[in-house]
Amino acid sequence: MGRMGVWLLVGMVGMLIPVHGQDQIPGFISIDCGAPNDYYDIELGIYYKKDEGFVDSGENRQISTLFINENKWQQSKNLRFFPNGTRNCYTLRPEQASLSNHWRYDIGSSVMYRYPQDIYDRLWSAKIYNSTIPINITWTPSLSDNNDAYRVPAEVLGTAQRATDANSSIHLSWPSNSTNKWCIYFHFAEIESLPSGQKREFTISVNGKLAETVTLEYLKPLTVASPLVSGSKINLSIKATPQSGRYPPILNAVEFFTIVELRNILTAMDDITAINDIKKRYSIYRDSWQGDLCAPRDFIWDGLECSYDNPPRIISLNLSSSQLMGDLAASLSDLLALVSLDLSGNQFTGLIPESLAKLPNLKFLNLSENNFTGSIPESLQKKIDDKQLQLRVEGNPHLCLEDSCKPKKKRNSYIIPVIAAASGSVAILLVALAIIWRCKCKNKKGHREGTIKLKNRPFSYTE
């Protein structure tokens with residue numbers, strides 16, 4: 001890890017990490033491995049973050065007291081030690097990049113520059129090539145007002161080396177693995193004030209092939225990127241054109257990058273988001289649960305199986321007997337490639353989510369030995385009936401498994417109106433009978449009174 005501190009730099013073509021924080025310098029993040037606290041390095045003008053939160057394993061340690069006083073830099077005094085596990089990963093979230101920086105040189109300089117001169121905290125190593133002549137100027141506002149995408153510091157552009165004369169060239173070469181692909185970034189700025197009408201012009205060739213013709217303007221930065229080049233040896237040549245007159249070519253700074261083949265494609269982002277939500281919600285800690293889920297294949301997370309299409313997806317998740325509790329996370333339904341899901345032997349409660357039926361590829365679902373309540377959702381039951389899903393739910397004492405669970409409710413719904421209707425009919429019948437009975441009583445009373453009156457009535461002789 002070099003100096004025990006890790007700097008994640010934003011290069012000209014490197015990784016850009018969006019960081020937002022009150023004390024963090026916009027554009028990059030600086031991590032001190034093993035540091036107990038975040039701190040501000042006054043000398044460097046850099047805010048360092050402790051690595052807690054970027055890694056889930058390992059232990060913080062301090063270097064030996066025999067050497068701690070010999071280290072000038074605070075970030076060299078701590079480290080993170082990994083005594084356990086075969087997979088220990090720092091998790092960062094940069095934009096994807098495919099270039100790895102091998103060298104970054106400030107040509108003609110004797111001083112290394114980084115932040116604050118370089119706002120991206122790139123390290124520009126001092127480099128002087130043989131058979132060339134160093135030149136430099138005093139810092140000027142014009143160079144510091146450089147607003148191009150590369151933002152090469154004025155202090156770096158303010159030094160250069162030139163060929164000995166206009167007929168000479170600047171040559172750079174190095175051995176290479178023939179399978180490597182290189183990209184070289186040349187940085188120029190005219191730092192000599194030439195007479196009016198004069199200009200410095202030169203060509204850049206890579207492995208004998210012309211890459212670019214360059215014409216410089218006074219104090220105006222210019223960056224040229226070479227085409228990709230490979231071979232057992234890389235040769236670069238910068239040579240003046242006839243239009244340059246007596247002015248030889250110059251070079252202010254240079255960066256060498258190799259192409260990194262990203263053979264292990266990252267797991268699908270939807271799966272990463274879902275599994276990280278599950279990990280956080282249930283406080284799951286496993287040594288292997290760090291870094292990418294499915295890649296590399298030899299270090300896949302415990303309990304997972306993946307398909308290795310483009311991109312890899314989770315097809316099996318086994319969280320059985322993991323002492324998990326609470327409702328089932330909604331994010332489980334975001335693992336759309338799942339074929340098998342085993343959540344048995346935990347303490348899950350609540351209803352079985354109907355959203356699980358929306359997993360299009362799910363063939364096996366084990367929810368046994370938990371504390372689910374309610375009944376099996378109709379959508380899941382339909383998949384079971386259609387032989388599309390195998391479901392295990394035994395060992396859930398409060399889960400309704402009988403076929404009559406739901407139909408009982410339907411029959412009861414019919415019984416209530418029948419009883420109500422019957423009760424109404426009986427009431428009407430009783431009222432009718434009461435009226436008839438009362439009418440009969442009145443008739444009997446009237447007949448009896450008439451008979452009594454006849455008996456007591458006096459009759460005349462003629463009657």
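The values are calculated or read from the model by the stated rules, or taken from the named source; none is laboratory data. In this text the structure is predicted, and so the values were computed from the model without any measurement. Note that each Cβ is placed from the backbone with ideal geometry, even for glycine, and that neighbours are counted across all protein chains shown.
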Checklist entry - For region 289-300, does any single residue satisfy the condition of being on the phi > 0 side of the Ramachandran plot, touching a Ser or Thr at 6+ places or on another chain (Cβ under 8 Å) and not assigned by TED's automatic domain parsing to the domain that holds Phe364? => result no
Checklist entry - From the residues in region 250-285 that are aliphatic (A, V, I, L, M) and part of a helix (DSSP H, G or I), which one is surrounded by the fewest Cβ atoms within 10 Å (Cβ to Cβ)? => result Met269
Checklist entry - Out of region 229-244, which residues are polar (S, T, N, Q), within 18 Å of Asn167 (Cα to Cα) and surrounded by 15 or more Cβ atoms within 10 Å (Cβ to Cβ)? => result Ser237, Thr241, Ser244
Checklist entry - Could you say whether any residue in region 247-255 is farther than 30 Å from Asn346 by Cβ and either of a type in the set (Val, Ile, Thr) or without any contact (Cβ under 8 Å) to a residue 24 or more places away in the chain (or both)? => result yes
Checklist entry - Among Thr213, Thr164, which is the only one that is closer than 20 Å to Ala225 by Cα and touching a strand residue (DSSP E or B) at 6+ places or on another chain (Cβ under 9 Å)? => result Thr213
Checklist outcome for this item: Within region 286-329, residues part of a loop (DSSP other than H, G, I, E, B) and either in contact with a Pro (Cβ under 7 Å, 6 or more places away or on another chain) or among the β-branched types (Val, Ile, Thr) (or both) come out as Cys294, Ala295, Ile300, Leu328
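Residue by residue, here is whether (1) outside any strand (DSSP E or B); (2) of a type outside the set (A, V, I, L, M, F, W, C); (3) surrounded by 16 or more Cβ atoms within 10 Å (Cβ to Cβ) holds:
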residue: Ile184; (1), (2), (3): no, no, yes
residue: His187; (1), (2), (3): no, yes, yes
residue: Ser193; (1), (2), (3): yes, yes, no
residue: Ser196; (1), (2), (3): yes, yes, no
residue: Ile204; (1), (2), (3): no, no, yes
residue: Leu210; (1), (2), (3): no, no, no
residue: Thr213; (1), (2), (3): no, yes, no
residue: Pro227; (1), (2), (3): yes, yes, no
